[in-house]
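Chemist: Quick one: this structure, given as structure tokens, is what I'll be asking you about.
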Amino acid sequence: MSWHKVTLPFKECGTTGKGQQLRDAFATLLIANGGQPIDAALFSQPSHDFESMFYYFSPSAVQIAKHLVEGFAGVPCSAPIPTMTFALEAGDARAFDLLDLEPPPGLR
């Protein structure tokens, strides 16, 4: 299983938008699975022009949320490269280490 990315318009990612719906749905699935697997995580990162928001599902996250990823038109992608605007939306804080991602400066 590979990383998957969902892209949404930035303007739809506020507290009542599709981005929040995606985060809430994944968090519910993660809780229903007892927080397992431990490396199941959802990350977000805005595009450089702030027109889009990218949501990255780790490979284990895709396993427990396959229908959610498909429902939001997720596509396979390579592992994200964290920047200052990269955020863990749902999952264990140890996900950065478990997934071999370097957290953005200030998160260590």
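Chemist: Looking at L68, L88, L101, which is the one that is at negative phi, of a type outside the set (K, R), surrounded by 14 or more Cβ atoms within 10 Å (Cβ to Cβ) and in a loop (DSSP other than H, G, I, E, B)?
Modeler: Going through L68, L88, L101 in turn, the sole match is L101.
Chemist: Does region 61-89 hold any residues that are modelled with pLDDT of 95 or more, within 20 Å of I31 (Cα to Cα) and of a type in the set (G, A, S), and which are they?
Modeler: A61, A65, G71
Quick grid of which residues meet (1) touching a strand residue (DSSP E or B) at 6+ places or on another chain (Cβ under 7 Å); (2) surrounded by fewer than 19 Cβ atoms within 10 Å (Cβ to Cβ); (3) assigned to a loop (DSSP other than H, G, I, E, B):
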| residue | (1), (2), (3) |
| --- | --- |
| L29 | no, yes, no |
| Q36 | no, yes, yes |
| Q45 | yes, no, no |
| H48 | no, yes, yes |
| Y55 | yes, no, no |
| S60 | no, no, no |
| P80 | yes, yes, yes |
| M84 | no, yes, yes |
| F96 | no, no, no |
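Chemist: May I pose another question? May I ask you to verify whether F54 is touching a Ser or Thr at 6+ places or on another chain (Cβ under 7 Å) and of a type in the set (A, V, I, L, M, F, W, C)? Let's see the steps before the verdict.
Modeler: On the way: touching a Ser or Thr at 6+ places or on another chain (Cβ under 7 Å): yes; of a type in the set (A, V, I, L, M, F, W, C): yes.
Considered against the rule, which asks whether it is touching a Ser or Thr at 6+ places or on another chain (Cβ under 7 Å) and of a type in the set (A, V, I, L, M, F, W, C), F54 comes out as yes.
The values are calculated or read from the model by the stated rules, or taken from the named source; none is laboratory data. As the structure is a prediction and not an experimental result, all values here were calculated from the model. We place every Cβ from the backbone using ideal geometry, glycine too, and count neighbours over all the protein chains shown.
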